[in-house]
1. What residue, of B:ALA165, B:ALA119, is in contact (Cβ under 8 Å) with a residue 40 or more places away in the chain, part of a helix (DSSP H, G or I), surrounded by 24 or more Cβ atoms within 10 Å (Cβ to Cβ) and within 14 Å of another protein chain (Cβ to nearest Cβ)?
2. Which of the residues belonging to region A:6-35 are within 14 Å of chain B (Cβ to nearest Cβ) and free of Cβ contacts under 8 Å to residues at least 60 places away in the same chain?
3. Of all the residues that make up region A:168-188, how many are among the polar types (S, T, N, Q) and surrounded by fewer than 21 Cβ atoms within 10 Å (Cβ to Cβ)?
4. Could you identify the single residue in B:SER130, B:SER171 that is more than 14 Å from chain A (Cβ to nearest Cβ) and buried (at least 23 other Cβ atoms within 10 Å of the Cβ)?
5. Looking at region B:169-252, what helices (runs of 4 or more DSSP H) fall wholly within it and have at least 1 residues that are in contact (Cβ under 8 Å) with a residue 60 or more places away in the chain?
6. Might you let me know whether region A:36-50 holds any residue that is under 20 Å from A:ASN210 (Cα atoms), within 13 Å of chain B (Cβ to nearest Cβ) and either among the aromatic types (Phe, Trp, Tyr) or not in a helix (DSSP H, G or I) (or both)?
Amino acid sequence: MIEIDTLRKSYRKSRGLDGFSLHLESNELVGLVGPNGAGKTTLIKILATLLPADSGSVRVSGHDVSVDPMAVRASLGYLPDVAGIYQDMRIGEFLEFFADAFRLKEPQRTAAIERALERAGLADRRNDFVEHLSLGWKQRLLLSKVLLHEPKLLLLDEPATGLDPLARIRLREQLRRLHAEGLVILISSHILSDLEDICTRIVFIAEGKNVQEAQTAALAAGARAPAIRCELEFEGPRDAVDRAITGFAGARILERKEGFLLIELPGSSQDASAFLRTVLAAGITILHFDARGPGLEERYRRAFGEHTP
Amino acid sequence: MRRYVTNPMIIKELRQRLRERRSWLLPTLYLIVLSGIVVCVYYFSTDTGRRLRGAEVQGADIGQAIFLAVVFAQIIVLLLMGPVFSSGAITIEREQRTLAGLLTSLLTAPQVWWGKFVAALLYLLLLLASAIPLLALPFAFGGVEPLDLVKALGSIILTLACICAIGLWCSATFRRSVHATASCYAIVLVLTIVTAITFGMLYAHWQQSHPGASGPPAHIQAPLFLNPLYPLLTLIDDNDFRFFVYPVSSWLMFAGVGCLAAALAMRRLQRSGEQL
């Protein structure tokens, strides 16, 4: 769906992208994560045909963005970080305008507008002015607008900015539903818990380069990991804990602090349970045990610890 | 071509413009001002005529005076309004963060430009058309030919189209409406005042070297070709203005400047992704 190879983009005083590469397959919901100024918005703008790249290649749905931008636009929906909306238009007029802007012909045009109104939950407010909607409703309207022409790919740049918790939950549900309908979604956000909840893959970016690519829990659940990392917080003598760990085949201490150990175990969650039983049998008081491995926040901290100010 | 005629931008722009309070307030004020000018001109031309020639006041003189007054008042007022409607057209999309939505739709940059241009020009033409009854009034007095009306309206429309194109270029170039509007007014000022001053200086210099010559040649008049009032001078049936006879050159200049501004605005619009 998206093929980006060694993409570079420079501004007058800074470098936006510096050899970034990414391949998105069908049915992926990918989160783009990185600190401010990492190049996320630049990347999304290039994909949305708003910015030309300096070098590298970008193909969306098989079309080169620099050669055939119209075909690219026809296949994607783009929601910018601060998306404006025509306040002085009625909701119906707003959707009609964009249906015409995407060259939808009757009867598809009317059907698309009706579908967008239903999707936004605004079917009974068609004649209301946009300015009377709350931020959450406006965001829903904007999302419905970018889906009017039934794109195959959705580019979302910080879509949850400024939304209240309920609106964020609704947005997450809507994105999950759209993904289930077969839409490929690339979403940039700083709200890591949202991304962790819905994304099938997380792509890290810093200083315009790929940093690390990691599978989130949703995908990792289906795959058998060769090793598992466990966090262990305990009370009691350290020697007893060390003896229990060295007695467990293949266990390795990765990090040691006062009352805390990060341990790598061979195998899967069953092996983690067996390890926990061994530690408990040794008479050690367990305060906290987590065998899920580091969450997205922890992975972010590790990936960008040196990049963030 | 059909896409440019059935451009959704035109409908959107006109719908938004006509919802503004100024959309009905401005034509009202505009017509009040023009009507006031007509009354004043009628009063002064009959009064002055009476004083100069006794009771005999020629209807043709009154007709021509009213016609010229309305035509010149219209071009001056519309020159002041042109930048208001055109130079904020693209910057407002940028300021309201709606430009990205347009540029990622299937509307091309020329289509976006055309929609903005037609909407701005149509509103000015609405003002122009609303004053047609006042322009028709001189025909009741005589002294004005239908061709004069066609020439006057054609010249005003061409000038306004050029000003709208310049306004849109300013709008595509600057990030903020206030800067774009100020720049457009500066350009209008250059076209109206600076060209006239330049012509005055060239003419004075030329007169010194050509004493007794009948009138300034084309190259001395050249700065005036870009003056919006110049083509309208040919409408004046007066000895002092009989040398200003190159309206076609002026129209060609305006058409050229308008096309150049349009091309630059579209190019700028295509590359405005970095400003979003």
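The values are calculated or read from the model by the stated rules, or taken from the named source; none is laboratory data. Everything quoted here is computed from the prediction, not taken from an experiment. Here the Cβ is made from the backbone with ideal geometry for all residues, glycine too, and neighbour counts use every protein chain on show.
1. B:ALA119
2. Scanning region A:6-35 gives A:SER10, A:TYR11, A:ARG12, A:LYS13, A:SER14.
3. Counting residues in region A:168-188 that are among the polar types (S, T, N, Q) and surrounded by fewer than 21 Cβ atoms within 10 Å (Cβ to Cβ) gives 1.
4. The unique qualifying residue is B:SER171.
5. B:177-189, B:230-233
6. Yes, that holds for at least one residue.
For (1) crowded, with 20+ Cβ neighbours inside 10 Å; (2) in a helix (DSSP H, G or I); (3) of a type in the set (D, E, K, R); (4) assigned by TED's automatic domain parsing to the domain that holds A:LEU156, each residue gets a yes or a no:
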| site | (1), (2), (3), (4) |
| --- | --- |
| A:MET70 | no, yes, no, yes |
| A:ARG73 | yes, yes, yes, yes |
| A:ALA83 | yes, no, no, yes |
| A:TYR86 | yes, no, no, yes |
| A:PHE94 | yes, yes, no, yes |
| A:ALA99 | yes, yes, no, yes |
| A:ARG103 | no, no, yes, yes |
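Conditions (1) touching a strand residue (DSSP E or B) at 6+ places or on another chain (Cβ under 8 Å); (2) within 16 Å of A:SER10 (Cα to Cα); (3) β-branched (Val, Ile, Thr), marked per residue:
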{"residue": "A:HIS23", "(1), (2), (3)": "yes, no, no"}
{"residue": "A:ASN27", "(1), (2), (3)": "yes, no, no"}
{"residue": "A:GLY31", "(1), (2), (3)": "yes, no, no"}
{"residue": "A:PRO35", "(1), (2), (3)": "yes, no, no"}
{"residue": "A:THR41", "(1), (2), (3)": "yes, yes, yes"}
{"residue": "A:ILE44", "(1), (2), (3)": "yes, yes, yes"}
{"residue": "A:SER57", "(1), (2), (3)": "yes, yes, no"}
{"residue": "A:SER61", "(1), (2), (3)": "yes, no, no"}
